[in-house]
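Let me begin by presenting the structure, written as structure tokens, before commenting on it.
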Amino acid sequence: MVVVVLGAPGTILRSVMRSKMTALLQQPGYEEERLQRVAEKLPCRDVQAGLLLSLMGQPQQYSFPSIFIYGHRASGKSHVLQVLLKELELPHATVSCVECVSVVLLFEQVLLSFFGCDAASLLPRSPSLSDFVRVYRQQCSQSPAKQTRYIVMEKAELLRDTDANLLPALLRLQELVEDNVTVILLSEIVWDKFRPNTGCFEPLLLHFPDYSKGELQQILSQDRHPSYSAEFYSSYINILLGVFYSVCRDLRELRHLAALNFSKFCEPLAEGKVKDTDTHKLWRNIEPHLKKAMQTVYLREVSSLQWEQMQQMEEKETGTVRGLSAHTHVELPYYSKFLLIAAYLASYNPARTDKRFFVKHHGKIKKTNFLKKNEKTSNHLLGPKPFPLDRLLAIFYSVVDSRVAPTASIFSQISSLVTLQLLTKVSQGDLLDAPKFKCAVSLDFICAISRTVNFEILKYLYDFL
């Protein structure tokens with residue numbers, strides 16, 4: 001007996017893939033409809049979801065005490081886990097180690113998710129690990145677990161900076177609290193970087209590999225615009241991956257770039273110049289814009305709207321690609337603006353004038369001593385001079401109108417300014433302890449930046465006294 005199935009090839013392919021994914025997610029104790037919904041929401045991650053579901057086991061059974069999931073950024077770790085927990089309605093507590101800056105917040109978040117506000121209020125002001133275990137066991141005796149509870153620790157690599165006994169205790173929390181609870185650690189680094197020197201309970205390891213080019217093509221093609229066909233959007237994604245796949249395999253970044261440049265890809269089609277099947281002409285139109293977009297990969301200093309405006313202005317003024325420093329409308333983060341202002345002041349002011357400009361109680365300084373007679377040439381005519389990093393930070397903390405701690409965020413913004421070519425590094429590569437920079441922006445540019453933060457920079461420039 002021969003059965004003939006009529007239908008579009010894409011429909012048949014999708015139904016075959018869906019049945020294959022559902023087969024991988026078969027697990028006793030769960031409804032098939034829920035597993036099918038999970039499979040539809042996890043494209044290209046059916047193998048990892050099936051392995052994780054098999055490790056979790058049936059809801060009523062005891063699961064393994066701890067599971068360590070690792071993989072690069074945007075490889076689907078959090079997404080797969082959250083879809084499984086929410087669609088299968090499993091009790092869980094999601095804890096972000098970035099937001100929980102202390103163990104107190106971590107303990108409160110877990111107790112709040114499992115037992116409510118009353119349980120979290122039982123913790124003392126400065127709870128220890130034993131206090132958390134005691135309160136947890138008390139609440140378990142009142143409301144025992146009917147199915148496995150899951151504690152998800154996102155950005156788990158930050159646990160290495162906490163108390164030495166916290167990570168080993170979390171790995172064997174099931175034994176300490178005598179409850180059916182599993183701790184799942186999500187990290188971007190391997191387990192060998194976690195293992196304490198004193199030893200600990202070894203969790204089960206599950207690796208999430210990077211998406212392949214074909215998998216990225218399949219996932220990104222699902223975000224197609226409703227006004228265009230699936231084949232047209234798939235050809236656009238194929239062109240996009242051909243340009244960016246060698247330098248960027250981050251799904252979130254590629255999705256952002258796809259949404260950002262799709263309107264430019266459709267321009268010839270909207271104007272009636274080409275047909276949707278003429279891929280070569282569409283590629284020739286989008287190629288220069290994709291090359292310019294490569295300059296902003298992983299950089300969100302410029303928003304999507306500003307990037308589109310910059311492209312439009314470049315097309316009106318000139319057809320060449322200009323640097324970001326040529327645009328006075330570039331929007332920078334708040335502290336990056338003050339860092340750029342401080343860099344400009346350090347480049348065009350003599351170092352001996354810093355006390356006069358930036359020290360509040362500097363005493364009386366005579367103008368004859370302050371202004372040397374032999375200095376007749378403007379510093380702006382001589383060009384920017386190099387300055388050390390410590391002088392830049394000293395001026396920055398003086399001009400910024402709020403108290404700022406010297407965190408890694410400030411130093412990363414300096415690196416971003418160098419990447420954007422607003423600052424230039426002039427020191428030798430081996431001088432890591434004392435790098436030197438130059439400011440590479442014009443006076444008009446820095447005045448425009450200063451106006452956005454209500455800072456009168458001309459009052460602090462030596463040439464304008």
Given 0.36 nm per residue, what is the gain on full extension from Ser246 to Ala408 after removing their alpha carbon distance, in nm? 55.4 nm
Show the residues, 5+ positions off or on another chain, whose built amide H is closer than 5 Å to the amide H of Tyr150. His92, Ala93, Thr182
Give me the accessible area per residue for the stretch 195-277, probe 1.4 Å, as a whole number in Å². 52 Å²
Inter-probe distance in nm under a simple model that places probes 7 Å from Cα toward Cβ, at Thr419 and Glu188: 1.1 nm
Given the options Val247, Ala119, Ala258, identify the residue whose Cα lies farthest towards the positive end of the charge dipole of the stretch 117-261 (+1 on Cβ of Lys, Arg; -1 on Cβ of Asp, Glu). Ala119
Calculated from backbone phi, Karplus (6.51, -1.76, 1.60) coupling profile of the stretch 149-164 in Hz, x at Gly/Pro: 9, 10, 10, 9, 9, 7, 6, 5, 4, 6, 5, 5, 8, 8, 4, 5
If you stretched the chain out fully between Lys273 and Asp390, how much longer would it get, using 0.36 nm times the residue separation minus the C-alpha to C-alpha distance? 36.5 nm
According to a simple spin-label model (label point 7 Å from Cα along Cα-to-Cβ), what is the distance in nm between Arg160 and Leu51? 2.2 nm
Give me the percent of accessible area attributable to carbon and sulfur for the stretch 45-207, probe 1.4 angstrom. 50 percent
Label point 7 Å out from Arg134 along Cα-to-Cβ: which residues of the stretch 97-120 have amide N under 20 Å? 103-112, 115-120
A chain fully extended from Gln58 to Gln27 at 0.36 nm per residue, minus the present Cα-Cα distance, gains in nm 10.4 nm
In debye to the nearest 20, how big a dipole does the stretch 45-207 give about its Cα centre with +1 on each Lys and Arg Cβ and -1 on each Asp and Glu Cβ? 80 debye
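The values are calculated or read from the model by the stated rules, or taken from the named source; none is laboratory data. The structure presented is a predicted model; accordingly, all values stated were derived computationally and were not measured. Quick reminder, even Gly has a Cβ in these numbers, built from the backbone with ideal geometry, and neighbours come from all protein chains shown. For accessibility, only protein heavy atoms count, side chains too; no ligands or nucleic acids. Shrake-Rupley method; radii C 1.70, N 1.55, O 1.52, S 1.80 Å.
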